[in-house]
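Throughout, read-outs are computed from the coordinates displayed, never taken from laboratory work. Computed from a predicted structure; not experimentally measured. Ideal geometry is used to build each Cβ from the backbone, glycine not excepted, and the neighbour counts take in all protein chains shown.
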Amino acid sequence: MDLLIGSGLAAFTIYAAAKWNKSDKEKIQHTFRNLNYKIKDKEPKHLKTHRTDQYSLYTYHVPYGLVDDEKLQVLEKVLDRPVKVSFEKGKLHIKVYNKKLGTKYAYDLFKPKGKWTIPIGMSQDGLVYHDFDLIPHMTVAGATTQGKTQFMKMFVTHLIENNPEGVEFYILDLKGKLAFNKYRNLKQIKAIAGNYGDSAITLKEVKKSIQSDMDYLLSIDAENAKEGNVKTRKFIIVDEAGELQTDKYMSDADKEHIKECHRTLSHIARVAGQLRYSLIFGTQYPTKEILDPQIKANSLAKVSFRLSTAVQSGVALDQTGAETLEYVGRAIYKTIDEHIIQTPFITKDDIWERIGRYEDVSSTNETANQGRSDTFTIG
Ligand SMILES: Nc1ncnc2c1ncn2[C@@H]1O[C@H](COP(=O)(O)OP(=O)(O)O)[C@@H](O)[C@H]1O
Ligand SMILES: [Mg+2]
């Protein structure tokens, strides 16, 4: 009896170990079967495996009519590692990464890359950057505390430090100017508006500047700012566009200011990208009302941190997924391609060390608004 029990246990142990040791390849094949990922009795056939230090790439022949399928995303859970499924040249590719993406990457990992190029974050495939000269406008969505403001401060810092003479910023910081206030006297910061009236005035100045740039380019027969060799790119940053909504308790003047802001932001998105203006449109509430269709259609770069619902993700990114992001600073960056990234982390002290030297102490930005002698005064 002892013997029998012993051998039974041994057999069980071997069986369990065999199950436990099932290779990723086998697990993938089982998953195909369980998901009924086949056509009639024809299943995908493993063709080859390519391994690197970062990942294993499994390539499959699939029967005609079968393509990549969202349901294959369960592989991420089955294998408990990041998985990318793609379908190219008639073959199915399943890339299984060796490690999960980390939850914090220090900013100094990201080396500068070009005049108006910023780090976006670390992806499973390495560093990801965004070039505003290629894609001028960007929307940044994400529920509160997920990393929007810190992302904006990070890239403002990056641009000022690496291209101090080639960038200017106009910031609508409607949560009482708290987030960007410390930077108000930097020479590259042309305005920080903390209320509706100042926002309208700031955007009016931007609109004027667009018109005069257009006139200049026309006068030299240049088709765009690149041809006209325009040296600076102007960034219009809206930290929380949700604050730019009218309600019945507002004064008529504020309602008018808000409408004016919307008109100008939409104008910037439509006409100013080629003139070296970039609109960065941030919101924690990506709804159709807040994310103006013109702005969305002209913002070919989209960043989204975690959002509350799949519907919001649909508005922000035209796809679901942002509602499943798990960590602060984790975001989906979407242009033609799409990456899941962890945005670079930078501390306040580090920001100041890098750009504090551009503070112009003679500047008289003590009032609510950030007028500068070399640009304009508002308020
Ligand atoms: N990329 C990041 N990596 C790690 N932690 C981050 C990152 N971005 C933000 N955080 C943390 O989250 C907090 C909230 O970020 P913040 O940008 O203010 O959020 P939001 O503007 O979306 O409300 C920050 O104070 C910081 O501690
Ligand atoms: Mg914020």
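Run the numbers on the chain and let me know its relative contact order in percent, using alpha-carbon pairs under 8 Å that are six or more apart. Don't skip to the answer; put the middle values down first.
Details: 662 pairs, mean separation 69.8, N = 379.
Over the chain, the number comes to 18 percent.
Stokes-Einstein diffusion for the stretch 20-97, with the hydrodynamic radius set to the Kirkwood value over Cα pairs and evaluated at 37 °C in a medium of 0.692 mPa s, equals 260 µm²/s. So who's got an amide H within less than 5 Å of the one on residue 120, skipping anything under 5 residues away but keeping other chains? H placed 1.01 Å off N, in plane. For residue 120, whose amide H was placed from the backbone, the distant partners under 5 Å are 128, 129, 130.
With a threshold of 30 Å on the Cα-Cα distance, the over-threshold entries among 71/348; 204/302; 177/208; 182/288; 38/95 are 71/348; 182/288.
Where a ≥ b ≥ c are the square roots of the eigenvalues of the C-alpha gyration tensor, would you call the stretch 107-378 rounded, which needs a/c under 1.5, or, failing that, prolate if a/b is larger than b/c, or oblate?
Values: a/c = 1.28, a/b = 1.14, b/c = 1.12.
Rounded, because the longest to shortest axis ratio a/c is under 1.5.
When the charge dipole of the chain is built from unit charges on Cβ atoms (+1 for Lys and Arg, -1 for Asp and Glu) and taken about the Cα centre, the candidate among 39, 158, 266 whose Cα reaches farthest toward its positive end is 39. As a proxy for reagent exposure, ranking 328, 303, 62 by other Cβ atoms within 10 Å from fewest up yields 328, 62, 303. Of the beta bridges in the chain, as assigned by DSSP with both residues counted there, near 60 percent are antiparallel.
This model, with +1 at the C-beta of Lys and Arg and -1 at the C-beta of Asp and Glu, gives the stretch 20-97 a dipole about its Cα centre of some 220 debye. With K and R counted +1 and D and E -1, the other residues having a Cβ less than 13 Å from that of residue 76 yield a net charge of +3. Subtracting the Cα-Cα distance of residue 266 and residue 218 from 0.36 nm times their residue separation leaves 15.1 nm of extension gain.
Under the combined filter of DSSP loop state and at most 12 neighbouring Cβ atoms within 10 Å, the stretch 49-131 retains these trypsin sites (Lys or Arg not before Pro): 89, 99, 100, 104. The GNM of the chain, with springs linking C-alpha atoms under 10 angstrom apart, assigns the highest mean-square fluctuation among 253, 316, 141 to 253.
Taking the helices alone, the chain has a mean residue ellipticity at 222 nm of -9500 deg cm²/dmol, built from -39,500 (n - 2.57) per DSSP H run of at least 4 residues and averaged over all its residues. Dipole magnitude for the chain: computed about the Cα centre from +1 point charges on Lys and Arg Cβ and -1 point charges on Asp and Glu Cβ, it is near 1240 debye. Here the chain is scanned for chymotrypsin sites (Phe, Trp or Tyr not before Pro) in DSSP loops (not H, G, I, E, B) that have at most 13 other Cβ atoms within 10 Å, and the longest stretch holding none of them is 65-248.
For the stretch 296-353, what class follows from the C-alpha gyration tensor (a ≥ b ≥ c being the square roots of its eigenvalues): rounded when a/c is under 1.5, otherwise prolate if a/b is larger than b/c, else oblate?
Working: a/c = 2.43, a/b = 1.66, b/c = 1.47.
Note, shape of the stretch 296-353 comes out prolate.
Oblate is the label for the stretch 179-236, because a/c, from the alpha-carbon gyration tensor with a ≥ b ≥ c as root eigenvalues, is 1.5 or above and a/b does not exceed b/c.
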